[in-house]
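A short write-up of the structure that comes next.
The values are calculated or read from the model by the stated rules, or taken from the named source; none is laboratory data. Small disclaimer: the values here were computed from a predicted structure and weren't measured. So basically every Cβ, Gly included, is an ideal-geometry build from the backbone, and we count neighbours across all protein chains shown.
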10 protein chains.
Amino acid sequence: MQTIFVQFKCRPGRAYAVADGLVEAIEEVSEVYSTSGHYDLIAKFYLPDERDIGHFVTERLQTLDGVADTFTTVAFKAFGRG
Amino acid sequence: MQTIFVQFKCRPGRAYAVADGLVEAIEEVSEVYSTSGHYDLIAKFYLPDERDIGHFVTERLQTLDGVADTFTTVAFKAFGRG
Amino acid sequence: MQTIFVQFKCRPGRAYAVADGLVEAIEEVSEVYSTSGHYDLIAKFYLPDERDIGHFVTERLQTLDGVADTFTTVAFKAFGRG
Amino acid sequence: MQTIFVQFKCRPGRAYAVADGLVEAIEEVSEVYSTSGHYDLIAKFYLPDERDIGHFVTERLQTLDGVADTFTTVAFKAFGRG
Amino acid sequence: MQTIFVQFKCRPGRAYAVADGLVEAIEEVSEVYSTSGHYDLIAKFYLPDERDIGHFVTERLQTLDGVADTFTTVAFKAFGRG
Amino acid sequence: MQTIFVQFKCRPGRAYAVADGLVEAIEEVSEVYSTSGHYDLIAKFYLPDERDIGHFVTERLQTLDGVADTFTTVAFKAFGRG
Amino acid sequence: MQTIFVQFKCRPGRAYAVADGLVEAIEEVSEVYSTSGHYDLIAKFYLPDERDIGHFVTERLQTLDGVADTFTTVAFKAFGRG
Amino acid sequence: MQTIFVQFKCRPGRAYAVADGLVEAIEEVSEVYSTSGHYDLIAKFYLPDERDIGHFVTERLQTLDGVADTFTTVAFKAFGRG
Amino acid sequence: MQTIFVQFKCRPGRAYAVADGLVEAIEEVSEVYSTSGHYDLIAKFYLPDERDIGHFVTERLQTLDGVADTFTTVAFKAFGRG
Amino acid sequence: MQTIFVQFKCRPGRAYAVADGLVEAIEEVSEVYSTSGHYDLIAKFYLPDERDIGHFVTERLQTLDGVADTFTTVAFKAFGRG
């Protein structure tokens with residue numbers, strides 16, 4: 001499983017429509033939050049190991065209506081108490 | 001009560017109309033100032049604890065006519081002389 | 001419950017010790033990941049509503065040995081399928 | 001009366017001591033908050049009209065133990081419901 | 001008397017028309033220079049103590065034809081040989 | 001196989017010793033180049049799918065003598081003429 | 001032989017079309033990857049020694065449909081196990 | 001004689017036409033190079049001592065078709081083996 | 001006559017000593033102000049036409065005790081009502 | 001022949017000693033200027049085609065006493081009236 005965080009800058013007033021669209025239309029989404037700071041939203045996605053992250057971000061996420069820019073951070077290791 | 005600071009970059013010549021709009025239409029506003037530096041305005045808002053800050057900023061503030069960009073800073077603790 | 005993301009820039013070679021320290025010593029931690037980009041780590045924390053986020057970040061997280069800088073993002077609303 | 005906002009970046013783990021110092025030692029302080037984002041603190045100060053803001057910031061605030069950097073924003077007009 | 005510096009980024013090829021407009025139409029102007037670096041112009045203005053700097057910058061300066069962006073720096077104390 | 005690019009800022013005069021160290025001591029390295037711009041070096045690494053990229057970068061690369069900072073970019077899909 | 005890395009920021013949703021175009025139409029391309037971070041793509045090109053890199057980037061690459069911005073890094077020396 | 005360096009960011013695909021225009025139409029030009037990095041071109045100009053650099057940059061250079069932005073650096077002293 | 005603006009970032013708490021030193025020891029100084037924003041001071045200097053600005057800034061200004069960084073802006077044309 | 005521009009940020013007060021050192025000790029130097037802006041110096045170097053630019057910059061230039069940071073720009077094509 002691959003884990004990524006994507007931050008979204010949306011066109012003014014469109015962030016919640018984008019967030020709703022992520023939850024409704026993107027099944028790989030794990031969490032979506034509106035946030036403080038420069039970006040409007042942060043979302044975490046789990047993708048199968050063989051899945052192309054770049055395709056997912058640029059073809060599925062950047063094409064959602066209202067998205068102005070995205071920034072992708074790959075999560076490498078999940079540290080746990082295990 | 002939640003306290004946030006929002007800085008506004010407005011379209012050229014529109015900052016004071018935005019400031020007036022904040023005072024007139026946004027009852028959660030506590031203070032609005034025009035400022036030096038990159039942003040035109042800084043405003044402080046008090047929101048009830050259960051209120052969604054992200055919704056407030058993106059749906060109520062970013063949609064005011066003349067707003068070009070916003071930056072949200074959450075105030076955590078208010079230090080006082082107690 | 002309050003949700004925050006904190007990104008950590010650590011002194012060279014110290015990021016995994018910091019991550020282990022987060023998991024071992026900070027019970028409020030929900031997830032810790034090493035990441036791509038400028039920061040070495042991102043961590044999500046859940047804090048009780050009455051907890052002071054600023055105190056938590058500056059007194060508990062910034063004081064961990066190996067931490068060079070932190071950046072705090074507050075998560076406002078969790079969007080869900082609910 | 002002059003109104004300024006000063007944001008403080010403190011040395012790791014020192015922000016709350018700085019905040020306490022502001023409240024205790026700087027009578028011109030109106031509010032001090034710990035915050036999200038790059039800076040640790042934001043404070044608002046009211047200074048008499050004839051007071052030199054630059055002297056106040058560099059001689060009184062920057063010299064507080066634990067302060068690493070400051071950023072000063074001048075508030076011009078306070079918009080109100082008046 | 002209040003002293004401010006305002007830096008102007010103008011639309012390509014419009015900086016000298018903006019500078020001429022400042023000299024002709026803005027009586028509070030003290031100096032206007034074209035400059036090296038990112039901005040095209042820097043200007044110094046003297047405003048009466050009771051004058052609202054924010055209103056002056058956003059309503060009078062940003063509305064000049066050809067202005068793309070402004071950055072305002074407030075001068076606090078004038079050091080002199082006095 | 002995972003592919004990453006890591007850019008290195010080295011302490012003054014140390015970049016070629018770092019580059020030699022990468023080639024000699026890091027078997028996962030595929031290419032190392034000195035470069036124009038802000039960073040001194042860019043290197044590409046191939047890591048097995050199960051390998052932890054974050055551990056590799058922070059424990060193996062950042063600890064090389066002379067490294068001042070690193071920036072990690074993950075390569076998702078390799079486009080080819082297939 | 002000259003080696004360059006070019007990073008591409010594409011218009012939203014257009015990165016994979018750009019990547020396909022690079023592979024199909026630009027014979028000097030060696031590798032194209034979609035990536036994490038600010039840019040959508042990184043590509044490596046090998047050009048003959050006498051070839052003008054600037055012409056190649058601005059006339060051949062920037063003119064591909066969907067490209068919004070490019071950043072060119074020249075690779076100087078390839079370090080190897082030789 | 002005054003010496004300045006001007007860096008040009010051009011609209012996509014237009015940098016070489018701008019460079020040709022500089023050589024053909026601007027007699028004060030000494031050198032024009034296409035470059036690596038963020039800007040597309042760097043050019044050096046020699047202007048007579050009494051010439052207004054700001055007017056030259058904003059009226060003659062920024063108005064060339066295809067120029068999106070300029071950054072001007074003034075060269076003070078030329079060090080030489082003299 | 002050449003006109004330059006130099007902005008100074010000083011070590012914490014040292015800006016006013018630097019400003020006093022400028023006024024007392026640098027006869028070319030025309031104005032010194034403490035300022036809002038990132039820098040602590042802005043100063044304007046008039047230098048004879050044949051004077052080397054770079055030497056003046058790096059040898060005379062940067063060596064003043066308490067100066068951490070400087071940024072030099074050259075003023076080209078002074079616009080006036082003349 | 002390869003042409004590069006290198007910008008130098010020097011330790012406070014050291015820029016002219018660095019410039020003298022470049023002229024005296026680095027035979028590949030073509031021009032050295034002190035400059036406005038963030039960097040203290042810009043220098044142009046001509047290197048034989050087979051010469052390693054990265055080695056030259058990091059081993060010969062960054063090691064000059066007083067150099068704090070360098071930024072390397074490669075000049076691709078020299079446009080001329082030819």
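Assorted remarks:
- Here the condition is being more than 11 Å from chain H (Cβ to nearest Cβ), assigned to a strand (DSSP E or B), among the small types (Gly, Ala, Ser) and more than 22 Å from H:Arg51 (Cα to Cα); of E:Ala75, E:Ala68, E:Ala43, it holds for E:Ala75 alone.
- Consider segment A:22-40 and keep the residues that are surrounded by fewer than 20 Cβ atoms within 10 Å (Cβ to Cβ) and assigned to a helix (DSSP H, G or I). The one that is farthest from the other protein chains (Cβ to nearest Cβ) is A:Ala25.
- Filter result for G:Thr3 (under 29 Å from J:Met1 (Cβ atoms), more than 14 Å from chain A (Cβ to nearest Cβ) and touching a strand residue (DSSP E or B) at 6+ places or on another chain (Cβ under 9 Å)): yes
- If you go through segment E:54-68 and keep only what is free of Cβ contacts under 8 Å to residues at least 40 places away in the same chain, charged (D, E, K, R) and within 16 Å of E:Asp20 (Cα to Cα), you end up with just E:Arg60.
- Given (1) surrounded by 23 or more Cβ atoms within 10 Å (Cβ to Cβ); (2) over 19 Å from H:Arg11 (Cβ atoms), index of the condition G:Phe8 fails: (2)
- Taken together, the residues in segment B:1-35 that are free of Cβ contacts under 8 Å to residues at least 12 places away in the same chain and farther than 19 Å from B:Val74 by Cα amount to 5.
- Scanning segment D:55-65 for residues that are touching a Gly at 6+ places or on another chain (Cβ under 8 Å) and within 13 Å of chain E (Cβ to nearest Cβ) yields D:Thr58, D:Glu59.
- The residue that is surrounded by the fewest Cβ atoms within 10 Å (Cβ to Cβ), counting only those in segment A:43-82 that are touching a Leu at 6+ places or on another chain (Cβ under 8 Å) and of a type in the set (A, V, I, L, M), is A:Leu64.
- Annotation: C:Thr35 fulfils all but one of (1) within 12 Å of the chain's Cα centre (by Cα); (2) under 30 Å from G:Tyr39 (Cβ atoms); (3) β-branched (Val, Ile, Thr); the unmet one is (1).
- Checking each residue in segment J:31-82 for being in contact with a His (Cβ under 8 Å, 6 or more places away or on another chain) and among the hydrophobic types (A, V, I, L, M, F, W, C) picks out J:Phe71, J:Phe76.
- Filtered residues of segment A:12-21 (kept if surrounded by fewer than 23 Cβ atoms within 10 Å (Cβ to Cβ) and either within 10 Å of chain C (Cβ to nearest Cβ) or at pLDDT 95 or above (or both)): A:Arg14, A:Tyr16, A:Ala17, A:Asp20, A:Gly21
- Taken across segment D:45-59, residues that are under 25 Å from C:Thr72 (Cα atoms) and either touching a helix residue (DSSP H, G or I) at 6+ places or on another chain (Cβ under 8 Å) or among the hydroxyl-bearing types (Ser, Thr, Tyr) (or both) do occur, with at least one present.
- Residue in segment B:49-69 that is of a type outside the set (A, V, I, L, M) and closer than 24 Å to D:Gln2 by Cα present: no
- Condition broken by E:Phe71, with the remaining ones in (1) within 10 Å of the chain's Cα centre (by Cα); (2) free of Cβ contacts under 8 Å to residues at least 12 places away in the same chain satisfied: (2)
- Checking each residue in segment H:36-53 for being touching a strand residue (DSSP E or B) at 6+ places or on another chain (Cβ under 6 Å) and free of Cβ contacts under 8 Å to residues at least 12 places away in the same chain picks out H:Ser36, H:Gly37, H:Asp52.
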